[in-house]
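The block underneath contains the structure these notes are about, expressed in structure tokens.
The values are calculated or read from the model by the stated rules, or taken from the named source; none is laboratory data. Remember, it's a predicted structure, so these values are computed and weren't measured experimentally. With ideal geometry, Cβ positions are generated from the backbone for all residues, glycine too; neighbour counts draw on all protein chains shown. Quick note on the areas: whole protein, heavy atoms, side chains included, nothing else; ligands and nucleic acids left out. Shrake-Rupley method; radii C 1.70, N 1.55, O 1.52, S 1.80 Å.
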Amino acid sequence: MCLVSIHHTLLEHQKVYLLTQAELAKKSGIPRSNITRFESGNYNPSLELLVRIAAALGMTLQMELIAKE
């Protein structure tokens, strides 16, 4: 899953749970400005921040490394 897919998946879950940016920021412990930039596509969060956002949305983050053929 690429970062764009992660971005869309997290935004969809944010909408499902009816969380505002401020609420997601509070639940994840991430500044609202970072949430705003991530939602607008102007910020690539670190793995740590993705894990915190996912946890705030009741999700886990799973990564898969695939060898090139």
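So how many residues does the stretch 23-57 have that are closer than 14 Å to Glu12 by Cα and over 11 Å from the mean Cα position of the chain (by Cα)?
1
Can you tell me which of (1) in a loop (DSSP other than H, G, I, E, B); (2) of a type in the set (Gly, Ala, Ser); (3) surrounded by 12 or more Cβ atoms within 10 Å (Cβ to Cβ) is the one Gly58 doesn't meet?
Checking Gly58 against (1) in a loop (DSSP other than H, G, I, E, B); (2) of a type in the set (Gly, Ala, Ser); (3) surrounded by 12 or more Cβ atoms within 10 Å (Cβ to Cβ), the one that fails is (3).
Quick one: would you say Lys15 is loosely packed, with under 15 Cβ neighbours inside 10 Å and basic (Lys, Arg)?
yes
Considering only the stretch 30-55, state which residues are open to solvent by less than 60 Å² (accessible area, probe 1.4 Å) and not small (Gly, Ala, Ser).
Going through the stretch 30-55, the residues open to solvent by less than 60 Å² (accessible area, probe 1.4 Å) turn out to be 30, 34-36, 38-39, 41, 43, 45-46, 49-50, 53-54.
Residues satisfying the conditions are Ile30, Asn34, Ile35, Thr36, Phe38, Glu39, Tyr43, Pro45, Leu49, Leu50, Ile53.
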